[in-house]
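> This is the structure I have questions about; it appears just below.
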Amino acid sequence: MQVRIGVQNVPKELVVDTAQSADEVTDALSDALAAPNGVLVLKDRRAGRIVIPAARVGYLEISEDEQRSVGFGTQYA
């Protein structure tokens, strides 16, 4: 799953490729926003972690992994 994160006062968005479900990501954000000085932590597929202060999150865009088709025959179907 791919998560795009807009951070306040940062011109580029962060793109995280994670194995977490959409519900886990939204729960992590709501828990971070509920805590004073909360921090959003997402796990990357490459065993890394993304840590963002929850108060600075502008938006979260969650998209499912795309199934890519292989070959030329699928182009015209």
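Only the coordinates and a few stated rules stand behind these numbers; no lab work does. Just so it is clear, the structure is predicted and the values come from calculations on it, not from any experiment. Cβ: placed from backbone, ideal geometry, glycine included. Neighbour counts: every protein chain shown.
> If amide H atoms are built 1.01 Å from N in the plane of the peptide, which residues on other chains or at least 5 residues away come under 5 Å of the amide H of V7?
Placed amide hydrogens put L14, G58 under 5 Å from V7.
> Could you run the Karplus curve 6.51 cos²θ - 1.76 cosθ + 1.60 with θ = phi - 60° over region 44-53 and give me ³J(HN,Hα) per residue in whole Hz, x for Gly and Pro?
7, 5, 9, 6, x, 10, 10, 10, 9, x
> Another question, then. At 0.36 nm per residue, minus the direct Cα-Cα distance, what do S30 and D44 gain on full extension? Give it in nm, one decimal, please.
3.2 nm
> What is the packing order of peptides 48-55, 22-29, taking the mean over residues of other C-beta atoms within 10 Å and listing the highest first?
22-29, 48-55
> Now for a separate question. How far apart, in nm, are the 7 Å Cα→Cβ label points at A55 and Q8?
The modelled label-to-label distance comes out at 0.8 nm.
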